[in-house]
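Reviewing the structure listed below.
The values are calculated or read from the model by the stated rules, or taken from the named source; none is laboratory data. Fair warning: this is a prediction, and the values are worked out from it, not measured in the lab. Glycine gets a Cβ as well: all are built from the backbone with ideal geometry, and neighbour counts include every protein chain shown.
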Amino acid sequence: MITVKLRPPLTGLIGAKELTVKLRQGTLREVLEAAGGDHPKLRAAVCEEDGSFSQDFKFILNNESINLKDNLETLVSERDELILLMPIAGG
């Protein structure tokens with residue numbers, strides 16, 4: 001199983017710090033689709049009205065930043081460290 005670690009503000013929106021996806025390996029797209037199917041609040045948070053994934057979110061996969069716009073086919077396995085976050089800018 002793949003564990004997706006969440007960071008604030010997602011933890012508050014979803015009500016959890018981690019989500020488990022019932023895949024041993026898959027693309028980021030497959031991980032998001034499976035996680036969204038199991039956790040509707042996550043789907044609502046990361047998907048646009050047309051069903052596409054919001055570009056506001058980023059994954060950190062094994063300490064490398066992955067942009068959802070360009071890298072949804074990146075492979076993930078259950079041994080990888082996967083973090084989903086929503087970058088926040090402030091002033």
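If you take the residues of the range 30-66 that are closer than 15 Å to S77 by Cβ and out of contact with any Gly (no Cβ under 9 Å at 6 or more places or on another chain), which of them is surrounded by the most Cβ atoms within 10 Å (Cβ to Cβ)?
Here the answer is V31.
Identify, please: which residue in the range 55-78 is outside any loop (DSSP other than H, G, I, E, B) and among the polar types (S, T, N, Q) and is, among those, modelled with the highest pLDDT?
Step by step, filter the range 55-78, then rank; the result is S77.
Considering only the range 1-54, give the helices (runs of 4 or more DSSP H) lying wholly within it that have at least 1 residues that are of a type in the set (K, R), free of Cβ contacts under 8 Å to residues at least 12 places away in the same chain and under 21 Å from D70 (Cα atoms).
Output list reads 40-46.
Which of the numbered conditions does E73 fail, given that it passes all the others? Conditions: (1) surrounded by 13 or more Cβ atoms within 10 Å (Cβ to Cβ); (2) in contact (Cβ under 8 Å) with a residue 40 or more places away in the chain.
Unmet for E73, out of (1) surrounded by 13 or more Cβ atoms within 10 Å (Cβ to Cβ); (2) in contact (Cβ under 8 Å) with a residue 40 or more places away in the chain: (1).
Has the range 79-87 got any residue that is of a type outside the set (D, E, K, R) and assigned to a loop (DSSP other than H, G, I, E, B)?
Checked against the condition, which is being of a type outside the set (D, E, K, R) and assigned to a loop (DSSP other than H, G, I, E, B), the range 79-87 yields at least one hit.
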